[in-house]
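The values are calculated or read from the model by the stated rules, or taken from the named source; none is laboratory data. What you are looking at is a predicted structure, and each value in this text was computed from that prediction instead of being measured. Neighbour counts run over all protein chains shown; Cβ positions are idealised from the backbone, glycine included. Quick note on the areas: whole protein, heavy atoms, side chains included, nothing else; ligands and nucleic acids left out. Shrake-Rupley method; radii C 1.70, N 1.55, O 1.52, S 1.80 Å.
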Amino acid sequence: MSLYRLPDRGRVDRSTPVTFTYNGSPYTGYAGDTLASALLANGVHQVTTSIKYGRPRGIMAAGPEDPNALVQVETPFPEPMLTATTVELYDGLVASGLSGQGRLATEPDPARYDAMHQHCDVLVVGAGPAGLTAALTAARSGARVVLLDDQPEAGGSLLGTTELIDDRPALEWVEAAVAELDSLPEVRVLSRTTAFGFYDDGFVLALERRTDHLGFAAPEHLSRQRVWRLRAKHVVLATGAHERPVVFADNDRPGTMLAASARTYLHRYGVRCGQRAVVFTTNDSAYQAAVDLADAGLEVAAVIDARPQSPAGWAAECAERGIEVRSGHVVTGTTGHERVIRAHVAQLTDGRPQLRSGIGCDLLLVSGGWNPAVHLFSQAGGRLSYDDALGAFVPSSSLEAVTVAGAARGTFQLDGCLADGGEAAQRALAGLGRPTAGGTPPRPSAAHESAERPLTLWTVPDPDEQHAGATQFVDLQRDATVADVLRATGAGLRSVEHVKRYTTIGTAHDQGKTSGIISSGLVAQSVRAGIADLGTTTFRPPYTPVSFAALAGRDRGHLHDPERVTPLHLLHVAAGADFEDVGQWKRPRYFPRAGEDMDTAVLRECRAARESVAMMDASTLGKIEVEGPDAAELLDRLYTNLMSSLKVGFIRYGVMCGVDGMAIDDGTVMRLADDRFLLTTTTGNAAKILDWMEEWLQTEWPDLAVRLTSVTEQWATVALVGPRSRDVLALVAPELAVDNDSFPFMTWREAMVAGVPARVCRISFSGELAFEVNVSGWDAVTLWEALLAAGESYGITAYGTETMHVLRAEKGYPIIGQDTDGTVTPQDLGMSWVVSKKKPDFIGKRSFARAENQRADRKHLVGLLPVQRDILLPEGAQLVADPQIGPPPVRMLGHVTSSYRSAALEATFALALVKGGRDRIGQTLYSTVGDELVPVTVAEPVLYDPEGARRDG
Amino acid sequence: MQLIPCPWCGPRDEVEFHYGGAAHVAYPEDPQSLTDEDWARYVFFRDNPKGPFAERWCHTASCRRWFNAIRDTATHQVLAVYRMDEAKPVTS
């Protein structure tokens, strides 16, 4: 046994020694240790140096509230920014201290993370005395209960104390309680699970650390961490309290520690944190630490009580053990470097420390009182008020279906906590309309009665008046001091939120669990305001840090977002297509042949479409079937042009606008029957347009008898394009009359194509003679392969979205969402012809008459031809009139919306939105290309075959 | 995450819903007869009160039905929900 590990105490497993490496040195601990307890057992207090001043820093607490002990874990997988006080020790652990900043792993994390959804009647957060009693009371009534606790075992504060319940050691009661809970079928107890966010309507997020503590022995099939998404009808918050320090000069020396934490190290881990201790307190709780440590063989040099009177009962206990008690005294500072070697003690008279004396020690325990852990309560919208007697903020408002119990609401004695838990459960059960089952409430051992109230003391006056507050650390992680707070208030700041941002206090991993209220108290003193009025900074999730990996869960890589593929996808993959994402769809962008880059492949694909025949998978087009007696009426109201006059067997192009008159989508409408239409939408807009149509139907025109059905996936669509497309179609559809008179432009026919039933449309998105063949998704491969075979002698060429874009842009066909941005009307697009003058109204019509829509300088869609014919303008490039750019602001005339190389034009070209663009045709403008300005000629948007001669082949 | 009580499905997570702005803003009877100002009032202007507000929601990820809700914009509490063809209930 080492000097610091006691042979007969603690809950560590002495039969399982564990070796680990810290800051390069090998050490030994036991299973059940945290990294912090194992370091302390080896006499190591300093874990790192501070971020700003490089000062030695040690372990200050025994839980997640520790502001100092940040470590980087290297094995089995690198992870930064963990607290040594929450890392459970495992064999082979390699870790090192961090000065405020960690290092992310450079290799991918092989671990799995997942999520679980759970509903329950009563969710209890915290398995300390209050939480356990609450869970037991609720569970015995048959309610569905979930109990969460962040530690490996239940017990909460009881793990670090020696109290009795029902005349037995409290942990025996804990063990029996957990066994009873585990035996109930409707109860789930989750340990190593931190509730980190409390949202609306009983929704709580919690992180379960499932295999972290196993280190190298973690089984691969288990997820490493799991996010629990819990929805509870009633939430009991039994989250306990955090001890806070008092701030004095050089309060950051390793060996300075919270009193109850030292007690926890003693009882829970069997670790004595030093050899000679001084205890500095403002309340009774630290006396128990002094007594327990003395009983464990530690020399306790003195208890320094800032209160004028020490509590009589505790003073007697100290006297029995030879512990000197100095009431009315404070610790004003420390001596030491890597470890405290002396506490400076002085009498406090009229708030001023008198002549100081030194007491040698290697452990300085501090208690400035207790802060109820109100984080979750506050996150859920609960209000806090300042309790003057406790010197802390406590829950003050009631939240529906939320009860706070135990130390979390300022009840610090064990009997109160046990009673509180039972009452909280009864309240929850009453709200659920469940009767409470019987059972004897647990009975704790008697506590010390005390007449002495705690004293609220945020900071001890600095004896060094020259540099007052410069080494009085408030937030140790941020190296922020009392002097920093005074600088903030001196600069005129009053709000604790502003001081937080100015000083960075409370912004580190611990989110100010020990420092936040001290900062508020200091601000209050400094600006002579009441701390009750200043309040706290806002508590926001997460309560403790949560890794992005855990939040992402399984939604990583290709599971991040659903991938939609067409029935032809595998053929495209086999053909070596390069894919692009269009919404959630994977679409072939181009089909490179050996040695081709995208430009070369696209030029080849474009030539095939314009000179012979080419084909594209257009299955991703949104397709909506509109059915019912009022189907035509609905379309008339939604499209800018007339659809009711469309005859069965015909197809019409249409544009939809918002009420503001701006184009939101375009596509084709086929009339399948008098009461049935099939419309297509832009690939990425399918869901939005279905929503749009449903919204009008349900909210404005519920009298219209129309049904809308998304049929995007039912149909596979292949576009067959080019002067030879008719010949190819004739080969695969021998029964279909394909000549122009029998099958004219903008009509559709039902026919057998490649031996499968098909709906063939004569539609062109390229200006060429073209067909769109729609078949059931199941028949898509048959169709595709038949077309490839039939077109072989014509050199049929598969093309992707990039070629589709070039072909449509050459014809000036806009893509809604690329060439428009929600501020563009059909008229701006040069498509007044698609706006009905006959219909009395349709969505958007009234807006076209607004003065704003009549302005001559609206942006119009035009073509651009770079004067130097091989310069490709970047999409998004700004356009100006004058190549001599003066000082800003420079007047922009518009921007490039689409830009490509054209095989047909043997030049580059672009589409652009330009102010008064149609009146500028023939003019020269200038476009930015990198740092250069290049001249471009404004042109009509239709650059290829403007007379439409190619449409019918 | 808030629960929103869909009048058709019952209480569901807010992520299943889609917000639709102020309720009871009817499409004008005859838009062409409106002045530019009155039309702009319909297109662009909406109340933005602190407190109870009648608004439209759609249960997009489930029944896809639109409905109306009265929600307190300060607390997010949904005070009432009602179907499109039902009259606005009196809350408060």
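Tabulated data for the structure shown
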| quantity | calculated |
| --- | --- |
| Residue match in the stretch A:797-808 (condition: over 28 Å from A:A904 (Cβ atoms), part of a helix (DSSP H, G or I) and of a type outside the set (D, E)) | no |
| Identity of the residue in the stretch A:527-581, among the aliphatic types (A, V, I, L, M) and part of a loop (DSSP other than H, G, I, E, B), that ends up farthest from A:G595 (Cα to Cα) | A:A529 |
| Scan of the stretch A:602-649 for residues that are part of a loop (DSSP other than H, G, I, E, B) and closer than 24 Å to A:A663 by Cα, ordered by number | A:A618, A:S619, A:T620, A:L621, A:D630, A:T640, A:N641, A:L642, A:M643, A:S644, A:S645, A:L646 |
| Search result, residues across the stretch A:106-129 that are among the hydrophobic types (A, V, I, L, M, F, W, C) and within 22 Å of the chain's Cα centre (by Cα) | A:A111, A:A115, A:M116 |
| Some residue of the stretch B:39-46 being under 13 Å from the mean Cα position of the chain (by Cα) and at pLDDT 95 or above | yes |
| Number of positions in the stretch A:133-192 that are among the β-branched types (V, I, T) and part of a strand (DSSP E or B) | 5 |
| Matching strands (runs of 3 or more DSSP E) fully within chain B where at least 3 residues are more than 10 Å from chain A (Cβ to nearest Cβ) | B:18-22, B:52-58, B:66-72, B:78-83 |
| Close pairs from the stretch A:390-412: first within 18 Å of A:I517 (Cβ to Cβ), partner of a type in the set (D, E, K, R) and open to solvent by 30 Å² or more (accessible area, probe 1.4 Å), Cβ under 7 Å, at least 6 apart | A:V394/A:D387; A:V394/A:R409; A:P395/A:R409; A:S396/A:R383; A:G410/A:D387 |
| Residues that are more than 12 Å from every other protein chain (Cβ to nearest Cβ) and in a helix (DSSP H, G or I), drawn from the stretch A:809-852 | A:A809, A:E810, A:S832, A:W833, A:V834 |
| Given (1) modelled with pLDDT of 95 or more; (2) in a loop (DSSP other than H, G, I, E, B), index of the condition A:G10 fails | (1) |
| Cβ pairs under 9 Å, 6+ apart, first in the stretch A:888-905 and under 30 Å from A:S612 (Cα atoms) and of a type outside the set (K, R), second open to solvent by 50 Å² or more (accessible area, probe 1.4 Å) and part of a strand (DSSP E or B) | A:L905/A:L865 |
| Residues of the stretch A:832-858 that turn out to be surrounded by 20 or more Cβ atoms within 10 Å (Cβ to Cβ) and either of a type in the set (F, W, Y) or within 30 Å of A:S902 (Cβ to Cβ) (or both), as a count | 2 |
| Residue list for the stretch A:276-303, filter: within 14 Å of A:I359 (Cβ to Cβ) and more than 46 Å from the chain's Cα centre (by Cα) | A:R276, A:E299, A:V300, A:A301, A:A302, A:V303 |
| Failed item, numbered, when A:T349 is tested on (1) over 28 Å from A:G240 (Cβ atoms); (2) open to solvent by less than 40 Å² (accessible area, probe 1.4 Å) | (2) |
| Among (1) within 14 Å of another protein chain (Cβ to nearest Cβ); (2) out of contact with any helix residue (DSSP H, G or I) (no Cβ under 9 Å at 6 or more places or on another chain); (3) surrounded by 24 or more Cβ atoms within 10 Å (Cβ to Cβ), the one test that A:W228 misses | (3) |
| Given (1) open to solvent by less than 40 Å² (accessible area, probe 1.4 Å); (2) part of a helix (DSSP H, G or I); (3) closer than 16 Å to A:G722 by Cβ, number of the condition A:E768 does not satisfy | (2) |
| Condition met for A:A673 (out of contact with any Phe, Trp or Tyr (no Cβ under 7 Å at 6 or more places or on another chain), more than 14 Å from every other protein chain (Cβ to nearest Cβ) and closer than 25 Å to B:L34 by Cβ) | no |
